[in-house]
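**Q** Quick one: the structure is below, and I'll ask about it shortly.
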Amino acid sequence: MLYVLELQVDLHYTESVVYENETTGSVKYVNSMPKQTKIVDADNVELAREKIENHYAALNTNDSEYKITILSITETII
């Protein structure tokens, strides 16, 4: 089965900074990306959700994390 997923993806990341007085710190940012549509081939809706979550989890690093919100999942036939 093919599933169409509408996603909101937010990238949470941290950057190190050095201030004028030479102290260091970190700044946390959130970059909200435009709404995305992904097509996933899976046996059922739970596997489609798992595949997309694993895809973004694989992109995470020590300094950044993708957080996704699945807005809708629609089964489709092509």
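Read the figures in this text as sums done on the coordinates, not as results from a lab. Everything numeric here is computed off the predicted structure, so don't read it as measured data. All Cβ positions, even for glycine, are placed from backbone atoms using ideal geometry, and neighbour counts span all protein chains on display.
**Q** Taking the Cβ of Ser32 as the center, what net charge do the other residues with Cβ under 11 Å away carry, scoring Lys and Arg +1 and Asp and Glu -1?
**A** +1
**Q** Right, something else. How far is helix 45-57 tilted, in degrees, relative to the longest principal axis of the Cα atoms in the chain, given as a value from 0 to 90 rounded to the nearest 10?
**A** Taking Cα atoms only, the helix is inclined about 20 degrees.
**Q** Let me ask another. Sum up the charges of everything whose Cβ sits under 13 Å from the Cβ of Glu65, counting Lys and Arg as +1 and Asp and Glu as -1, but leave Glu65 out.
**A** Here the count lands on -1.
**Q** Please list 3J(HN,Hα) in residue order for the stretch 61-71, calculated via the Karplus relation 6.51 cos²θ - 1.76 cosθ + 1.60 where θ = phi - 60°; whole Hz, with x for glycine and proline.
**A** 10, 5, 9, 9, 9, 8, 10, 10, 10, 8, 7
**Q** Apply 1/(1 + (r/R0)^6) to the Cβ-Cβ distance of Ile70 and Tyr19, taking R0 = 35 Å, and write down the FRET efficiency to the nearest 0.05.
**A** The calculated FRET efficiency here is 0.35.
**Q** Given points 7 Å out from each Cα along the Cα-Cβ axis, report the Glu53 to Ser32 separation in nanometres with one decimal.
**A** With each label placed 7 Å out from Cα toward Cβ, I get 2.3 nm.
**Q** Could you tally the net charge around His12, taking each other residue with its Cβ under 10 Å from the Cβ of His12, Lys/Arg +1 and Asp/Glu -1?
**A** Its environment carries a net charge of -1.
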